[in-house]
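Here is the structure we will look at.
The values are calculated or read from the model by the stated rules, or taken from the named source; none is laboratory data. This is a predicted model, so every value here is computed, not measured. Note: ideal-geometry Cβ built from the backbone for every residue, glycine included; neighbour counts use all protein chains shown. Heavy atoms of the whole protein, side chains included, go into the accessibility calculation; ligands, DNA and RNA do not. Shrake-Rupley method; radii C 1.70, N 1.55, O 1.52, S 1.80 Å.
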Amino acid sequence: MKKIKLTEMAEVIRSKNSGPYELTLDIIFKDRENFELARRSGVFTKKMFAALYGIEADGVIDVIEFAPANAIKATIVRPVVSGGAGDSDIYGAQQHAPLLNIEVPMG
Amino acid sequence: MKEFLVLSPTAILGYGFPLSSFKEGLSRLPDAIAVDAGSTDPGPYYLGAGEPFTGRNAVKRDLNYLLEAAAANKIPLLIGSAGGSGGEPHLKRDVDLIMEIAGQKDLHFRMAVIHAEVEREKVRDSLYRNKIKPLGPVPPLQEKDLDEAVRIVGQMGVEPLAGALEAGAQVVIAGRAYDPSVFAAPACQSGYRPGPAIHMGKILECGAIASTPGSGSDCLLGRIGAGYFEVETLNPARVCTVTSVAAHTLYEKSDPVYLPLPGGCLDLKRTRYEQVAENRVRVTGSKFIPAQKYTVKLEGVKKAGFRTVTIAGCRDPVMISEIDQVMEIVKERTRDNFAGTGSDYSLSFKIYGKNGVMGDLEPVRDAVPHEIGIIIEVIGKNQETADTICGFARSTMLHCSYPGRTATAGNLAFPFSPAEFRGGEVFNYNIYHLMEVADPFELFPMEIINV
């Protein structure tokens with residue numbers, strides 16, 4: 001099946017703390033069409049985000065579609081609390097790169 | 001119902017704003033100016049050390065314009081999470097700045113100072129009465145956490161701020177506050193519904209970040225009416241779009257539809273966003289649902305020692321391929337050298353070029369960089385221990401041998417002399433919990449000062 005790169009579908013792909021204990025990943029699609037294609041693809045599941053970041057499935061707190069912003073977001077438990085021993089990204093703003101490799105089947 | 005206008009000058013007090021945008025905002029005759037001054041994003045240090053994360057002169061620059069504008073237009077100015085973390089030393093820094101500016105400019109006003117530091121024994125008492133629960137993936141609160149906490153703040157809601165306006169304050173400066181509260185409070189106090197008022201605050205609290213192109217150092221104007229609010233840019237270089245405003249509702253939140261806050265939650269399930277002018281978006285359908293029990297978020301930190309770091313680079317392909325073993329050699333040599341001396345420390349490395357940014361979350365495992373950046377980090381029980389261990393680890397890493405080594409003169413490139421940097425005291429979050437309170441004012445005493 002032909003696939004389309006997420007980077008061609010989305011205009012915002014980012015990560016950020018949601019408080020010191022959680023990391024939230026936002027994908028905001030270019031338009032309703034791309035958002036609908038993504039949500040119908042079934043790609044964006046807890047399992048997919050867990051595999052992408054090499055964490056247990058229960059480390060993904062939630063995956064939520066937010067139609068008013070044409071967005072899908074996932075929130076994961078921070079492996080290290082912000083500023084704790086071994087943390088490498090206090091603001092959590094540079095944990096989005098694995099998302100850039102996602103491809104979505106053109107159903 | 002007449003519209004009520006709230007001007008947000010910048011994302012965080014001290015981040016600045018163009019005067020042209022601010023003047024444009026004032027020309028719309030706002031009913032209040034409000035600004036958020038804090039965040040937990042910069043990490044636990046600032047709350048623990050009692051240090052603001054914004055520069056004194058940068059904050060003074062912003063406050064100069066805000067205080068003058070509030071006085072000249074006879075409108076209230078509200079500041080939330082003063083000094084960044086909103087504890088007593090943070091609040092004092094910003095209150096002192098206000099007094100200093102008022103003296104210099106001969107401004108006179110009634111000021112409310114709302115405190116947000118929470119006494120440890122008060123929290124302990126609530127813990128005994130089973131009125132504390134973790135917020136998210138946080139361990140349950142233990143008495144030990146309270147014993148170890150160096151500072152605890154509570155995050156106030158809209159009510160104490162609206163109460164300060166009710167008491168006739170023109171300038172309201174608050175310790176730790178839920179970010180949207182300072183924007184929502186003047187609207188709520190004037191009779192507007194909390195749903196749209198708090199949601200408007202959520203958009204305004206980061207200044208022009210909710211516009212496109214976004215900026216953390218520019219103004220945004222909110223206007224609230226019966227059953228709706230609108231946000232608009234004041235700089236012709238930016239616009240608010242449905243996407244930029246709706247997207248901001250996602251920002252730094254786990255769930256964009258139900259947003260918990262002091263005393264309830266925002267329900268945005270039926271919220272609609274509509275472009276009503278090129279730079280202006282109207283939002284309708286935002287609802288506030290009061291909680292059965294009023295809870296306040298607590299934030300607290302404990303001491304975790306003292307930090308010293310060394311920064312170095314490496315361009316040797318053999319050393320880069322052996323870096324995991326080199327780190328083990330250095331750790332073992334250091335452990336062996338200081339065995340029996342009672343040195344209490346942790347030694348760790350960050351290897352930039354090899355999972356330095358993402359650590360365990362990094363999916364790329366087999367990259368072979370041509371150079372790497374190395375941070376040697378030591379946290380010791382005191383600064384001297386951290387300095388000693390870091391210096392020893394540095395000299396060991398510089399001269400240790402590893403398989404296949406050809407560069408026998410030294411393994412590291414140091415960009416600086418001295419090589420070691422003191423990071424000072426280290427703090428860790430240990431309290432991030434919800435505490436049930438009898439009323440929204442309980443933890444947040446207010447004093448009125450006639451400036």
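Quick notes on this one:
- Of residues in segment B:199-229 being over 19 Å from the mean Cα position of the chain (by Cα) and among the β-branched types (Val, Ile, Thr), the one least open to solvent (accessible area, probe 1.4 Å): B:Ile224
- Selection within segment B:358-388 - surrounded by fewer than 18 Cβ atoms within 10 Å (Cβ to Cβ), touching a helix residue (DSSP H, G or I) at 6+ places or on another chain (Cβ under 8 Å) and within 13 Å of chain A (Cβ to nearest Cβ): B:Pro363
- Within segment A:12-42, the set of residues being more than 10 Å from chain B (Cβ to nearest Cβ), in contact with a strand residue (DSSP E or B) (Cβ under 8 Å, 6 or more places away or on another chain) and charged (D, E, K, R) comprises A:Arg39 only.
- Residue in segment A:69-76 that is at the interface with chain B (Cβ under 9 Å from one of its Cβ atoms), open to solvent by 10 Å² or more (accessible area, probe 1.4 Å) and either under 19 Å from B:Thr243 (Cβ atoms) or not charged (D, E, K, R) (or both) present: yes
- Any hit, segment A:44-62, residues being surrounded by fewer than 18 Cβ atoms within 10 Å (Cβ to Cβ) and in a strand (DSSP E or B): yes
- Residue selected from segment A:93-107 under the condition more than 8 Å from every other protein chain (Cβ to nearest Cβ) and in a loop (DSSP other than H, G, I, E, B), by the criterion least open to solvent (accessible area, probe 1.4 Å): A:Ile102
- Selection count, segment A:18-43, where residues are among the small types (Gly, Ala, Ser) and in a loop (DSSP other than H, G, I, E, B): 3
- Any hit, segment B:288-299, residues being at the interface with chain A (Cβ under 9 Å from one of its Cβ atoms), under 21 Å from B:Ile132 (Cα atoms) and of a type in the set (Asp, Glu): yes
- Pick from segment B:78-96, criterion open to solvent by 10 Å² or more (accessible area, probe 1.4 Å) and either in a loop (DSSP other than H, G, I, E, B) or touching a residue at least 12 places away in the same chain (Cβ under 8 Å) (or both), ranking: farthest from B:Thr40 (Cα to Cα): B:Val95
- Residue in segment B:61-73 that is outside any helix (DSSP H, G or I) and more than 16 Å from B:Ala34 (Cβ to Cβ) present: no
- Scanning segment B:266-289 for residues that are over 15 Å from B:Thr233 (Cα atoms), surrounded by fewer than 18 Cβ atoms within 10 Å (Cβ to Cβ) and among the hydrophobic types (A, V, I, L, M, F, W, C) yields a single hit, B:Ile289.
- Of all residues in segment B:251-274, those that are more than 7 Å from chain A (Cβ to nearest Cβ) and closer than 14 Å to A:Ile64 by Cβ have Cβ atoms under 8 Å from Cβ atoms of residues that are hydroxyl-bearing (Ser, Thr, Tyr) and part of a loop (DSSP other than H, G, I, E, B), 6 or more apart or on another chain, in B:Leu268/B:Ser286.
- For segment B:41-87, a tally of residues being of a type in the set (Lys, Arg) and in contact with an Asp or Glu (Cβ under 9 Å, 6 or more places away or on another chain) returns 1.
- Per-region count, segment B:28-77, residues more than 14 Å from every other protein chain (Cβ to nearest Cβ), farther than 20 Å from B:Val113 by Cα and in contact (Cβ under 8 Å) with a residue 40 or more places away in the chain: 8
- Output for segment B:327-339, where each listed residue is open to solvent by 50 Å² or more (accessible area, probe 1.4 Å) and under 17 Å from B:Glu384 (Cα atoms): B:Arg335, B:Asn337, B:Ala339
- Tabulated pairs, segment B:3-24, first surrounded by fewer than 24 Cβ atoms within 10 Å (Cβ to Cβ), second aromatic (Phe, Trp, Tyr), C-beta under 7 angstrom, 6+ apart or interchain: B:Phe4/B:Tyr192; B:Phe22/B:Tyr65
- Looking at B:Phe349, B:Phe306, B:Phe392, just one residue is open to solvent by less than 70 Å² (accessible area, probe 1.4 Å), aromatic (Phe, Trp, Tyr), modelled with pLDDT of 95 or more and part of a helix (DSSP H, G or I), and that residue is B:Phe392.
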